Structures are given as C-alpha cells and as structure tokens.
Amino acid sequence: VIDGGFKEEYVAIEKENLKNRIESIINDKGRYAVERAREEMFKNEKYGISDLGYLEDIDKITAKGLYEHYVNIMKTSPIDIVVEGNFDEDEIVEIISNGFDFHRENIIEIPRADFIKKVDEIKVIKEEMDITQGKLVMGYRCNVDYKDEFKYYSLFVGSNVLGGGPHSKLFVNVREKESLCYY
C-alpha cells in the first residue's frame, strides 16, 4: 500500500492478467459454452454476473479505488471462522478475538438469492464458431431450495444420473454407446 492505494505497477499487472483470463475463456469452448448458458439463464440476476467481471470494467479500476473497496469489504463483510477438532470453544473465541484486529463496522447482511423463478419460455442460444466439435449445454431451473434436504439431495442424485458426470445415463448413451460427442 502506497499513498492510500495499492502499488500502481502491481495493479496494472493484475489488470492485464485479468484481461487475459477473460479473453482466454473463448479459447476453452467447453467453459465458454457453460459461461454463456449461465449468463443467459440468469440474466438480470446476481448469479448471472461473471466471477471474473467484464473487459469494459477493467479500465475503470484504479489503485486507490481498489484499495478503498478492499478496506470497505474488510470492515463491512460478514466473516465466518471455522474451527474443527477437539478444542475448548471459549479458548478459541478468546484467541481469535485477541489475535485479530478486524476494525469492524456496519456489517452488511448479504441477502439470500431467490431460487424460485417462473420460466415463461425456453431459450435456445446458438452461436456459430469455426470448431471441429460442437458444445451443447442444457440448463434447467428446478426451484429447489438447498436447505430442503430431501428435495436438494434428490435433485443432486437425479442430476448426476441424467447428466452430471461421466457415469450419467446421458454421457454413457450419447458419448460411449453412440459416439455422438466427446464432452
């Protein structure tokens, strides 16, 4: 930290690295297909925002502004500390309370995302590219709360049987038996 901001040189390097990472997604067609599907399925929802951000926003990042944002996050974001094993809880709380100086204020409450959405239409997004193998991504809104243990785990098992991995019925039949796709 220099003069109330991160070092300009380091921020410039990281901005270039981020730009390269965002631009490289197009080269990994499988990841690109999944990202585009997520972007379309969750348009106008927080989950639809890319975890890497967007190219058009990178130039707006300044060393000072980034540092101010970092300080704000450290002051206002909830913190979870997980301790596992056989221990005295009071002793751990005392160690953490005395060992860290968090400078906490106005802790924000992060609202839970809506998981129930009415889907009025099926979206079909088709992009033409010069590739040897096409990619197909299918996404479904299931309206299942992860806190509903019965429905959530049933959905999890169903997803794996129908398409969640190399052992799924979809994978075995479409790829292994019919040789119609690789991924």
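What do you get for the angle between helix 29-41 and the principal long axis of the chain? Use alpha-carbon atoms, 0 to 90 degrees, nearest ten.
80 degrees
Å³ per residue of the Cα convex hull, for the range 8-116?
It is 203 Å³ per residue.
How do 151-159, 96-104 rank on mean C-beta neighbours within 10 Å, highest first?
Values: 151-159: 13.1, 96-104: 9.4.
Sorting 151-159, 96-104 by mean packing, highest first, produces 151-159, 96-104.
Rounding to the nearest 20 debye, state how big the charge dipole of the range 8-116 is about its Cα centre with +1 on each Lys and Arg Cβ and -1 on each Asp and Glu Cβ.
Details: 14 positive and 26 negative charges, 157 e Å.
Computed charge dipole of the range 8-116: roughly 760 debye.
222 nm [θ] for the chain, helices only, -39500 (n - 2.57) per DSSP H run of 4+, per residue, to 500?
When only DSSP H runs of four or more count, the value is -12500 deg cm²/dmol.
Relative contact order for the range 8-116 using alpha-carbon pairs under 8 Å, separation at least 6, rounded to a whole percent?
26 percent
Tell me, what ³J(HN,Hα) does each residue in the range 88-94 have, in order and in whole Hz, if you take phi through Karplus 6.51 cos²θ - 1.76 cosθ + 1.60 with θ = phi - 60° and put x for Gly and Pro?
For the range 88-94, the Karplus curve yields 8, 4, 4, 5, 5, 4, 5 Hz.
Placing unit charges on C-beta atoms (Lys and Arg positive, Asp and Glu negative, everything else neutral), compute the dipole magnitude of the chain about its Cα centre in debye, rounded to 20.
Values: 26 positive and 37 negative charges, 247 e Å.
Approximately 1180 debye in magnitude.
Take every Cα pair under 8 Å in the chain that's 6+ residues apart, average their separations, divide by the length, and report that relative contact order as a whole percent.
For the chain, the relative contact order is 20 percent.
Using Cα atoms only, what is the angle between the long axis of helix 63-76 and the major principal axis of the chain, expressed in degrees (0 to 90) to the nearest 10?
Helix 63-76 and the main axis of the chain meet at about 80 degrees.
With the Cα gyration tensor of the chain giving a ≥ b ≥ c as the square roots of its eigenvalues, does the rule (a/c under 1.5 for rounded; else a/b larger than b/c for prolate; else oblate) give rounded, prolate or oblate?
Working: a/c = 2.23, a/b = 1.39, b/c = 1.60.
Oblate is the answer for the chain, as a/c is 1.5 or above yet b/c matches or exceeds a/b.
In the Gaussian network model of the chain, springs joining C-alpha atoms below 10 Å, which of 144, 172, 93 carries the largest mean-square fluctuation?
93
What residues have an amide H closer than 5 Å to that of residue 163, excluding those fewer than 5 places away on the same chain, when H is modeled at 1.01 Å from N in the peptide plane?
Sorted by chain and number, the residues that satisfy this are 169, 170.
Every read-out reported here was derived from the displayed coordinates using simple, explicitly stated rules and does not represent laboratory data. Keep in mind the model is a prediction, meaning the values are calculated, not measured. Ideal geometry is used to build each Cβ from the backbone, glycine not excepted, and the neighbour counts take in all protein chains shown.
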